[in-house]
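**Student:** One structure, pasted below without further comment.
The numbers here are math on the coordinates, done by the rules we state, and not lab data. Treat the numbers as computed from the prediction; the structure is a model and nothing was measured. Don't worry about glycine lacking a Cβ; one is built from the backbone with ideal geometry, like all the others, and counts go over all protein chains shown.
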Amino acid sequence: MHKNVLAHSVRLALISGAAAAAFSAPAVFAAEEDGAKVERIEVTGSRIKRTDLETASPITVFSAADIAATGVTTMEDFIQTIPAINGGAEGSTVNNGSRGFATASLRGLGSGRTLVLINGRRYASGDLNSIPTAYVERVEVLRDGASTIYGSDAIAGVINFITKKDFEGVEFQVQYDETSKGDGEKTLLSMTTGTSSDKGNVVLSLQYTDRQTIYQGDRDFSECPIFERNGEKVCGGSGTIPYGQFFAPSLTGGHVKDPQTGQIRPFDQAIDGFNYATTSYMVTPQEVFSINGAGRYELTDTLSTFIEGGFTNRKSDQLMAPEGTFWGPTMPATNQYNPMGEDIVVVRRLRETAGRAFTQDFSDYRMVFGFEGTFADTFDWDLSYNFARFVDARLDEGRVNPTRIDTLLDPDLCSADSDCPGVWNILEAGTLTPEMINYAFVPNSPIVRGETRQLLGNLSGGLGLELQGGEIMFAAGFEKRWEEYQSVPDGAASIGQIYSVAGEPTEGEISVDEVYAELDFPILEGLPFAESLRFTAAIRYSDFDFLDDSDTNTKFGLEWSPLDGLLIRATKATGFRAPGIGELFAPQSETNLAYNEPCTNYGSGSQSATVKANCAAEGLPGNFELSSNQSSTIVGGNPDLKPEESDSFTAGFVYSHDIGISVGIDFFDIEITNGIGTAGTDNVVSGCWESANFSSPLCEFVKGPSLTGDAPHSSSPYRTALGPVAGVLLTNANLSTFETSGIDFDLSYKTDIGPGDFSAVLNGTYLDKYNYTPFEGADVVEAAGKVAADQWETTLAVFSELRTNLTLSYTMDDWAFSWQTRYQSEGEDYFASDDNLDNTADSIFYHDVQATYFAFESTTISVGVKNLFDEEAPYISNNQDMNTIPASYDTAGQYLYAKLNLKF
């Protein structure tokens, strides 16, 4: 009997959780006897406590049961599959340039415009890895601008993680995942415990997760870089090779000393290209340990105190192919191994090393304490102080000291240095000895710190003024926030002794004073064609210490229920986003970003006459092609940034019927001016080369190889010796205007079928428009349905027009089954060319299944498969990495998992 009661309870939780996913708030209020007071709750997007589920703002709520039904081990895996999330984001599939973070981008507008909260309060890092799944009670996703309620950074919306508070007992969870290829193992171990009394409650949660590596060479679609030649796909690689590609004044183009014959011959991509995929991660490994706790204690009938605390430690890693002499050191004629008798420039892969390994030892701290209470039986108040801090200690290994490489190549310099182990033959593989490695390689160990302090006070209640629909309600409050950022470079980097590593320390701090007010006017209630009619208004005043002017934002909402079960709603809001502290003070550093090369085979290609003329003016041959389509690029902060401003509008309806059907459809439109971002490598190069005689303002961003210290091209001032465009300056700037619009839709149905309960939930987003102007005077980029540059993440992403999740669930006394189908529509390359073999990143369906057995009163066992049919990431000619767009697709393939849950 006890087992059946538990199974029935869990079944109801699963069904109600799935149905609630379409709508705005969990059913957590309680009514007493007729005429008694009904408890009011606070829903994300408003500080006013209300008794009804729906508000003017569109909100999606995901319960702990919804999260569990997907079989995820991290919040990254769950959040990044929400249909309203679009564009690129940091996460497990980002290897090149990753910080180990996991982020989310609502509407594809960037993680910096998506405010992530824990229980309505900020935390310093914004890393989704810092939020354990076991501690989350529900996730509320506000798909609407919320600058008036939560301040800056909420232009695109809010993701609010509500943690467990009234938990009683102890719960253990163990989960193990493995791909069908036998790699990428994931492990989750968690324990949550809590207890309550008539005075309060305490809860403690511990969680450990571990994710193992998958290499790019472990999958057929990414085992080598694909190049297109004569209408066919060929396995290629980088022109920076283990036996060196060199450039001599007496020769045209790159040459090699053939490792078999010893003869000098031209570099041949098909023969000599270095396959960097075999030593690069596809899925990056990480270990995360977190401990979180919360407590509440009732001091009097009207006064309580509360505390929250959390600590997360993450060890994450990335691995890229071994370092290369990308800057092109000179092998002088005096080097006895120089076959040319003249000074030559050599780019060589240092294959004798294990690769460039990047490790982050990241610690995230959070502490909140405060008081809350009521007075006069009408007003609720709270006062809290929030302290959050992170320390990101990084270690990069396999980095080279270019000064010492120069010494190894020059006999005179080597003889003058007693530590030099000997002159190096850079033109043969395997000649970099362990002694040379110890001499020329240096670890890089920078540290990044961030801190947020927040003093927050809120008051809400009734004004004592009655309208026909009820009492006018209000909320008002203040916020004082301080933020600090510091980046401390490695000592060797600070004196320029580590190649491609920023050496300038950066730090800064900002503070802001804010006040806000909300009003809720219940105009009508209980009338024909006006079951309810209410109007809401909010205003926020913000004063940042580093800005010349203060700012005021407003938001208005209208809710009309003409019939029982139908709510028609709309909001209109202005937004304000001051530049984040990282955007202001992050160090400028070099990265290598993929771009679409305009001059590839331009002699016989379909390029415009302008492009062909510019390529010829660079001195490039008509059959020009690259061994790598990555451009050395400078990214980083800018202390002179100005605020962004936005206007947003939403309108839609929610309908529910007691037969089990619920429908919600909302239109959204967001416009951002003075947007902070980058011009995008693809946009810069395309716009520049499409302008007559390189006349576009975008050409000002192409500084050439001198900016990044790379070897210059023999004829083009824009390129390295290997051929790619170099020195693109993509530091943060107020460049862009963004416009995006579309439709969110949520449908659910639940009913009894046979011995069990059935539910179906469909969540989706249709992206009608995603336009941005990367630079004043530049053409508008219309990215909806395209593969285009993500202005925030500085990477290529698929801006799918349609993203949907369909979940079907069926539960019986002892069993629960679910099937989820995730769909995203195709993206056409924004710079599509007739010369490419494939200009489209294909649409894709992912299918996930799970079965759960309620074995005993305290035990549930779940097994499942994610990506049931092992869908492979699609190929596209203009790809970011792995021959695809890894930020937009599942690259790991099919995962199988088993989960055990014990609750006492």
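**Student:** Can you give the longest stretch of the chain with no exposed loop site, where a site means GluC sites (Glu not before Pro) in a DSSP loop (not H, G, I, E or B) with at most 14 other C-beta atoms within 10 Å? Kindly include the intermediate steps, with their values, before the conclusion.
**Tutor:** On the way: sites that count: GLU32, GLU33, GLU39, GLU168, GLU342, GLU776, GLU857.
Result, exposed sites excluded: 343-775.
**Student:** Cut-off is 10 Å between beta-carbons; in what order do ARG453, ARG540 appear when sorted fewest neighbours first?
**Tutor:** Listing ARG453, ARG540 from fewest to most nearby Cβ atoms yields ARG453, ARG540.
**Student:** Residue by residue through region 706-719, what is 3J(HN,Hα) from phi via Karplus (6.51 cos²θ - 1.76 cosθ + 1.60, θ = phi - 60°)? Round to whole Hz and write x for glycine and proline.
**Tutor:** Per residue, the Karplus-derived 3J(HN,Hα) values read 5, 5, 10, x, 8, 5, x, 6, 5, 10, 9, x, 9, 10 Hz.
**Student:** In debye, nearest 20: dipole of region 807-854 around its Cα centre with unit charges on the Cβ of K, R (+) and D, E (-)?
**Tutor:** Charge dipole, region 807-854, about its Cα centre: 380 debye, nearest 20.
**Student:** Then there's this: Past 19 Å, Cα to Cα, is the threshold; run LYS164/LYS315; LYS480/LYS555; LYS866/LYS899; LYS703/LYS786 against it and keep the listed order.
**Tutor:** LYS164/LYS315; LYS480/LYS555; LYS703/LYS786
**Student:** Ranked by Cβ crowding within 10 angstrom, fewest neighbours first, how are ARG534, ARG229, ARG351 ordered?
**Tutor:** The fewest-first ordering by Cβ neighbours comes to ARG229, ARG351, ARG534.
**Student:** Here is a further query. Could you give the size of the charge dipole of region 622-734 about its Cα centre, using +1 on the Cβ of each K and R and -1 on the Cβ of each D and E, expressed in debye and rounded to the nearest 20? Don't jump to the answer; show the numbers that get you there.
**Tutor:** Numbers: 3 positive and 13 negative charges, 132 e Å.
I would put it at about 640 debye.
**Student:** Another one. For region 189-316, report the convex hull volume of the alpha-carbon atoms normalised per residue, in Å³, without decimals.
**Tutor:** Dividing the Cα hull volume of region 189-316 by its residue count gives 215 Å³.
**Student:** Farthest toward the dipole's positive end in region 441-565, which of LEU463, ILE447, TYR499, given Cβ charges of +1 (Lys, Arg) and -1 (Asp, Glu) about the Cα centre?
**Tutor:** Result: TYR499.
**Student:** Sticking with this structure for a sec: If you stretched the chain out fully between GLU471 and ILE665, how much longer would it get, using 0.36 nm times the residue separation minus the C-alpha to C-alpha distance? Don't skip to the end; give the middle numbers.
**Tutor:** Numbers: separation 194, 0.36 × 194 = 69.84 nm, distance 2.90 nm.
Fully extending the segment from GLU471 to ILE665 adds 66.9 nm.
**Student:** What value, in deg cm²/dmol to 500, does the helix sum -39500 (n - 2.57) over DSSP H runs of n ≥ 4 give at 222 nm once divided by the residues of the chain?
**Tutor:** So the helix-based figure for the chain works out to -2500 deg cm²/dmol.
**Student:** If you work out volume of the Cα convex hull per residue in Å³ from the coordinates, which of (1) 212; (2) 164; (3) 271 do you get?
**Tutor:** Computed from these coordinates, volume of the Cα convex hull per residue in Å³ corresponds to label (2).
**Student:** Using modelled backbone amide H atoms (1.01 Å from N, in-plane), which distant-in-sequence or interchain residues come within less than 5 Å of GLY324's amide H?
**Tutor:** Answer set, sorted by chain and number: LEU350.
**Student:** Charges on Cβ only, +1 for Lys and Arg, -1 for Asp and Glu, centred on the Cα centroid of the chain; of ILE131, ILE661, ILE472, which one is farthest towards the dipole's positive end?
**Tutor:** Of the options given, the answer is ILE131.
**Student:** Can you give the charge dipole size of region 398-526 about its Cα centre, rounded to the nearest 20 debye, using +1 on the beta carbon of Lys and Arg and -1 on the beta carbon of Asp and Glu?
**Tutor:** Here the size comes out at about 320 debye.
**Student:** Among THR163, THR650, GLN894, which residue has its Cα furthest toward the positive end of the charge dipole of the chain, with +1 on Lys/Arg Cβ and -1 on Asp/Glu Cβ?
**Tutor:** GLN894
**Student:** Okay, moving on. Give the relative contact order (percent, whole number) for the chain; include only Cα pairs under 8 Å separated by 6+ residues.
**Tutor:** Relative contact order comes out at 12 percent.
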